[in-house]
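Notes follow once the structure below has been shown.
Just so it is clear, none of the values below were taken in a lab; they were calculated from the coordinates. All of these numbers come straight from a predicted model, not from anything done at the bench. Here the Cβ positions follow ideal geometry from the backbone for every residue, glycine too, while neighbour counts run over all protein chains shown.
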Amino acid sequence: MVIKESLVDLSTAAGMMRAQVFRPAAPGKYPGLVLFSEIFQITGPIQRSARFMAGHGYIVVVPEIFHEFEPMDTPLPYTQEGTDKGNRYKIEKELGSYDSDARAAIDYLTALPECTGRLGCIGFCIGGHLSFRCAMNPEILAAVCFYATDIHKRGLGQGMQDNSLDRANEIKGELLMIWGRQDPHVPQAGRDMIYRRLIDLGSNFTWHEFNAEHAFMRDEGYRFNPALAQICYAMSYELFYRKLHLSEPAPAARGTESRH
C-alpha cells in the first residue's frame, strides 16, 4: 500500500507538539494508531516502523514526546549524549503532560474525516510505557507495548512516582505485551510484577518474552534482531487487524491471557 507523510502541530497542556503523520495514499477511511517513540524521539527506525503500520492500512500519528525540551523536528542521536538527554527529559517532564500529549493525538485522529474512529496505540521502550498509559483512554481498543520501561519501578515523570500500575484497571482494550529476557531495564522481577497486576485485574492481554536484549526491534545498532522483529510485527498486525479493522466485539469473559 502506497503511503503519504505530513506534519501536524497539536495543542497540548504544555504547548504545541509536532507530530508526524503516515497514512495510506488511497482514498478511504482507515483506523488510527498513535505510535510512541523511544527516548530519542522520531528517529529513522521509528519512522520506518510508522511506515510499516501505515502500509497495512492505518493512519499513524507519531508525537514528539519531548516537545517541551527540544525544538520541533529534533531527534536525539543514538549516542551517550542523546541517551543522557532522553533519560533526563523523561523524569523532568510532568506526568500529566504525557497524558495530555496522548489525548491530543487521539483527538486529532477522531476528528479526521478519513479515520474510522477505531483506535490503537503502539510504543517502544519509554514509548511502550506511554502506549500502556494511552490505553487508559476509552477510545483505545488495542495497545502494543514493546519492552515498556519504568512501569515496574514507577519511574516516569517528575518525582518518579507514576501511577501506571495503579491505573491499569482503566485499560479496557486488549494488550499485547512484548519483552526481552536479557533486557536489563526490565528485569524478571519487574516483569513478574506487571504480569501479576494484569492477572489480578482480569485484564485482556497476551504476554510474550523472547531471548533478546533491550531495543531488539530497533533496526539500527547491534541489538537489532530482524527475525524476532518480523514475528513481533506480525503479532501486532494481527491484533490491530482483528480489533480495529474487523471490529471484533469485546470477549464475553475477561481475565483470559496467553503467555509465551
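Below are the figures for this structure:
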{"read-out": "Cysteines without a disulfide-compatible partner [the chain; Cβ-Cβ under 4.7 Å]", "value": "115, 125, 145, 232"}
{"read-out": "Hz values of 3J(HN,Hα) by residue in the stretch 84-101 - Karplus curve (6.51, -1.76, 1.60), Gly and Pro given as x", "value": "4, 4, x, 5, 6, 4, 5, 9, 7, 6, 5, 4, x, 5, 4, 5, 5, 4"}
{"read-out": "Total formal charge among the other residues, if their Cβ is under 10 angstrom from that of residue 118, Lys/Arg +1 and Asp/Glu -1", "value": "+1"}
{"read-out": "Radius of gyration, Dmax [the stretch 1-141; alpha carbons; angstrom]", "value": "14.1, 43"}
{"read-out": "Over 18 Å between alpha carbons, listed pairs 93/172; 29/172; 172/243", "value": "93/172; 29/172"}
{"read-out": "Extension gain (nm, one decimal) between residue 201 and residue 114, 0.36 nm per residue minus Cα-Cα", "value": "27.8 nm"}
{"read-out": "Rg(Cα)/(2.2 N^0.38 Å) for the stretch 3-259, N = residue count", "value": "0.92"}
{"read-out": "Of the chymotrypsin sites (Phe, Trp or Tyr not before Pro) in the stretch 158-249, those whose Cβ has at most 13 other Cβ within 10 Å and which sit in DSSP loop", "value": "222"}
{"read-out": "Spacing of the two label points (7 Å from each Cα toward its C-beta) at residue 7 and residue 220, in nm", "value": "1.8"}
{"read-out": "Per DSSP, loop GluC sites (Glu not before Pro) in the stretch 78-145 with at most 13 further Cβ within 10 Å", "value": "114"}
